[in-house]
1. First obtain the Kirkwood hydrodynamic radius of region A:155-270 from its Cα pairs, then insert it into the Stokes-Einstein equation at 10 °C and 1.306 mPa s, and state the resulting D in µm² per second as a whole number.
2. Assuming R0 = 30 Å, can you tell me the calculated FRET efficiency for the pair residue A:397 and residue A:500, based on Cβ-Cβ distance, to the nearest 0.05?
3. Can you give the Kirkwood hydrodynamic radius of region A:120-162 from its Cα pairs, in Å with one decimal?
4. Diagonalise the Cα gyration tensor of region A:34-103 and give the resulting equivalent ellipsoid semi-axes, square root of 5 times each eigenvalue, largest first, whole Å.
5. Under a Cβ-Cβ cut-off of 15 Å, what is the net charge of the residues other than residue A:458 that fall near it, where Lys and Arg count +1 and Asp and Glu count -1?
6. Given points 7 Å out from each Cα along the Cα-Cβ axis, report the residue A:138 to residue A:469 separation in nanometres with one decimal.
7. Once you treat every alpha carbon in the protein assembly as shown as an equal point and sum by Debye, what is log10 I(q)/I(0) at q = 0.11, 0.12 Å⁻¹?
8. Would you kindly work out the equivalent ellipsoid of chain B from its C-alpha gyration tensor and give its semi-axes, the square roots of five times the eigenvalues, largest first in whole Å?
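Coordinate-derived values only; no laboratory data. Worth saying up front: this structure is predicted, and the values here are computed from it rather than measured. Quick reminder, even Gly has a Cβ in these numbers, built from the backbone with ideal geometry, and neighbours come from all protein chains shown.
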Amino acid sequence: MNKIFEVPLYPYARHADQDAHPPARHKVVVVGAGPVGLAAAIDLAQSGVPVVVLDDNDKVSFGSRAICFAKRTLEIADRLGVGHAMANKGEEWNVGKVFFGDRKVYDFNLLPEDGHQFPAFVNLQQYYIEEYLVDRVRALQAEGAPIEMRGKNRVTNVSDHGDYAALTVETPDGAYTLETEWLIACDGAGSPIRAQMGLDFVGRVFEDNFLIADVVMDADFPTERWFWFDPPFNKGQSALLHKQPDGVWRIDLQLGWDIDKEAEKKPENVIPRLKAMLGDDVQFELEWVSIYTFQCRRMEKFRHGRVIFAGDSAHQVSPFGARGANSGLQDTDNLIWKLKLVLDGDADQSLLDTYDTERLAAADENILNSSRSTDFITPKSEMSRIFRDAVLDLSEHHGFARPLVNSGRLSVPSVYDGSRLNSADQLPGGPARTRPGAPCPDVPLDAGYLLAQLGGGFTLLSINAEVPDGFEEAGVTVSSLALTTETHTALAERYLGDATCAVYLIRPDQHVATRMDRFDAPHFRAALRRAIGKE
Amino acid sequence: MTDALTLTPNLAKPDDSYALLLAAHEGLTKAQSDALNARLILLLANHIGDSQVLKQALTEAKRGLRDD
């Protein structure tokens with residue numbers, strides 16, 4: 001076997017910090033080299049902030065784990081330099097089929113909107129994403145960017161000293177101490193840092209077990225998401241079949257609560273279950289098997305002094321809806337520009353508290369959606385099962401019941417409505433989808449796409465309007481991008497609505513800070529100050 | 001405020017409508033009757049559409065079932 005997840009990509013190497021007295025002090029340390037930690041580190045390095053990534057392992061994720069990546073994630077990944085690698089390798093899908101018992105009750109099409117650089121969803125094994133991100137780290141290092149990865153560096157203790165945090169790091173050569181101005185904990189749902197700091201992680205445990213099997217097979221199933229409620233091959237439970245690249249298929253079988261997990265993971269028990277589903281004549285090989293239970297929970301707050309949690313360490317959802325890794329990347333997208341401003345002295349630390357408010361609201365939205373999906377998929381009472389089955393039966397014949405079928409509400413980016421970083425909406429007739437707080441939707445331009453041109457800073461986007469060639473306010477530079485709608489109907493539809501011209505102030509994470517029907521300097525200067533927490 | 005739940009008599013032939021409900025369940029097992037009721041509720045909820053009316057109906061239906 002020579003699978004990518006078995007190759008040490010960032011093997012342990014002794015570092016001078018291990019012999020440093022007093023301990024070395026860094027700007028930012030990221031703990032965890034999963035997709036969220038690597039995204040955070042790359043984002044920092046791209047904006048010139050020195051960063052060290054520590055991981056207790058030295059390889060990419062074992063097994064496919066997160067497989068379903070949404071358009072917003074690809075757009076964020078594009079800013080980090082890996083969006084195209086992900087989209088090119090990923091399996092694009094739009095059609096989902098829902099089965100109840102032995103019959104198909106309906107199918108749906110995501111019907112992706114035209115005029116976006118990236119598809120609505122791609123399926124891609126987590127280990128590929130991590131590999132692309134590690135490659136990107138290496139490319140940045142080759143360009144001289146201040147980013148470093150240390151494998152087999154396990155953090156065993158964190159203490160906050162007010163203006164820095166001290167870490168105890170265990171390595172094959174023993175422990176050493178490291179200091180950092182900021183620590184970003186991306187160490188997963190079981191976060192050792194969260195546990196060691198004694199922080200709560202409250203929510204709901206779902207009493208159910210799911211078997212995940214990744215199988216390699218030559219099957220002529222289409223690239224679609226197939227979901228079964230109560231199928232003949234898994235009576236009373238659910239099942240999911242989803243395609244990944246390289247002929248790998250994700251199969252997810254609900255097993256119930258009272259099972260012997262170790263026994264269920266054994267190939268001699270897994271294989272008959274899969275044969276019952278796929279048919280006796282389909283040849284397949286098991287790549288990865290795991291059993292999971294899930295919980296929907298989050299930390300009370302994500303920032304604790306100098307330690308900031310992001311991704312699964314901060315919040316956990318059920319897998320239905322692909323809201324785990326996708327929301328984790330939105331966390332770092334939200335956090336890193338704020339941290340950069342704080343490090344540069346352009347914003348107060350209180351700006352970081354808006355990471356909490358904006359992403360806590362997003363986590364609650366994801367938890368609500370994912371809990372509702374789980375309640376539909378695994379009814380908790382006799383009556384909830386009766387209603388669930390009634391919805392499925394009706395959905396076969398009646399369109400009205402189909403929106404009630406919930407096999408996962410797929411991840412969409414959160415709108416930061418009500419955030420104190422937003423300024424008033426001053427674009428009468430402007431579309432709701434681009435209101436202050438919303439993530440910018442992509443638009444095709446003469447050459448390329450809008451989001452790719454927004455860059456990593458604040459942008460003044462003008463459409464059919466006169467704006468200055470950028471401006472500076474409170475130490476922050478705003479660049480401008482002037483467009484006209486002459487040849488761009490999507491631009492008018494998504495950014496003008498009933499207005500004839502518009503000016504947008506867009507944050508570095510591509511969320512709208514404010515918009516207006518013209519450039520009014522005092523309004524936009526105040527909006528910029530507000531967007532960096534200074535008003 | 002949207003339309004309120006109708007709580008005054010609204011069925012032209014109440015005895016006929018009541019008989020329709022009973023007749024629909026005749027010969028069904030308990031499980032089948034439960035399924036019929038659930039489907040009926042979903043069909044009617046969709047017909048009503050207004051979630052405020054549905055909420056009022058649920059409140060009235062639940063009255064006296066629990067102490068709270």
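1. 86 µm²/s
2. Step by step, r from the Cβ atoms, then E = 0.05.
3. Every distinct Cα pair counted, the radius reaches 13.4 Å.
4. Each semi-axis is √(5λ); the values are 31, 17, 9 Å.
5. It works out to a net charge of +1.
6. Simple spin-label model gives 4.1 nm for this pair.
7. Debye curve over Cα of the protein assembly as shown, log10 I(q)/I(0) at q = 0.11, 0.12 Å⁻¹: -1.15, -1.30.
8. 23, 17, 14
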